[in-house]
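Everything below concerns the one structure shown next.
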Amino acid sequence: MSRRFRSLGVLAAVFVMSLAVACSGAGETATPSETVKSETTQAEAATAAAQPETGTASATPTTPEAPAPTSAQSPTATPQPSAVQLPVAGGDYDSTRNMFRLFSGPGHNTDETRQAISLAIANKDKSMVPLLIELLRFVGGVDLPIATNTAISTITGRESENSSRAWHGWMEWLAKNADEYSPPDGYVQWKVALMNQIDPRFGEFLAPAENGSRINLSEVAWGGVRPDGIPDLQNAPVVYADEQDYLLPSDRVFGVSINGDHRAYPLRIVNAHEMANDVLGGEPIALAY
């Protein structure tokens, strides 16, 4: 009997080990195979490679015209406002504190944004105008953009911009009136923190401005695409003009001649990339459009 029990014990152990191996194998995920590119014409290949990366919106800034900034990283050098009773017009109102209440990073409470807008109006705080204009670039929904647009108009005494292009109109206006509407102390840190939410590389690029800059950062605007979102055209393959079959007689090209070498860059190919980097006549060139 003891040998029989021992045999059964061995068989049970083997069965448990086999089951464990099977379960561990079931949890593995298959490694995606390498994407195989099919042969296309030069124009099709260049256009396919040019599709920009589109961002996904987070609970923080969104806009009908551009993807929302999003990042898993917390903003750098961002003072966090304490949850205390808000000041009223006058009294202990502080522009810098209200600026960080307007937007303080990931998970920001939009109720604070509304309160900050109300406080800026109540105190006729002209220093908040650049911040409010910037906010228009990112806020989503219906009521908050309208409230922001109205606040800017109320503080500046200027008629509200058309809601569909409010940010563009106010930015053009601010460029001509920046001296009258300087942002509060600490604006550089606020700007770095905001841009860091779009992509940490934006924050890193602007961070040196915290030590002083000749550039007015209120005029620095996100173009709507994250770094490398639009791949440049690098050393594109070429064909002789009489061999190509993808251009129309009316298609425009950029013609470049260097050291006896001549090349034409079709606009509808370059347009998708916005920049072409190449070597022509032994010289590196960069064609931006």
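Just so you know, all these numbers are worked out from the coordinates, no wet-lab data involved. Since the model is a prediction, treat every value here as computed from it, not as a measurement. For neighbour counting, all protein chains shown are included, and Cβ atoms are generated from backbone atoms with ideal geometry for every residue, glycine included.
Assorted remarks:
- Considering the stretch 95-219, its Cα convex hull presents a mean projected area of 7.3 nm².
- Values of log10 I(q)/I(0), in the order q = 0.11, 0.13, 0.21, 0.28 Å⁻¹, for the stretch 129-199 under a Debye, Cα-only, solvent-free model: -0.26, -0.37, -0.95, -1.36
- Largest-first principal axis extents of the Cα set of the stretch 131-289 (Å): 62, 38, 27
- Amide H to amide H, with H built 1.01 Å from N, Val253 comes under 5 Å of Leu267, counting only residues 5 or more places away or on other chains.
- Neighbours of Lys176 by Cβ distance under 13 Å: Lys/Arg scored +1, Asp/Glu scored -1, total -3.
- A P(r) calculated from all alpha carbon pairs of the stretch 232-288, with 5 Å bins opening at zero, reads 4, 17, 31, 28, 16, 5, 0 percent.
- At q = 0.18, 0.24 Å⁻¹, base-10 log of I(q)/I(0) for the stretch 184-269 (Debye sum, equal scatterers on each alpha carbon): -0.81, -1.20
- Here Lys191 is the anchor, and the aspartates and glutamates within straight C-alpha reach of less than 14 Å, apart from those fewer than 8 places off in the same chain, are Glu134, Asp199, Glu204, Glu210, Glu219.
- Each of the peptides 165-174, 119-128, 188-197 was scored by the mean count of other Cβ atoms within 10 Å over its residues; in descending order, highest first, they stand as 188-197, 119-128, 165-174.
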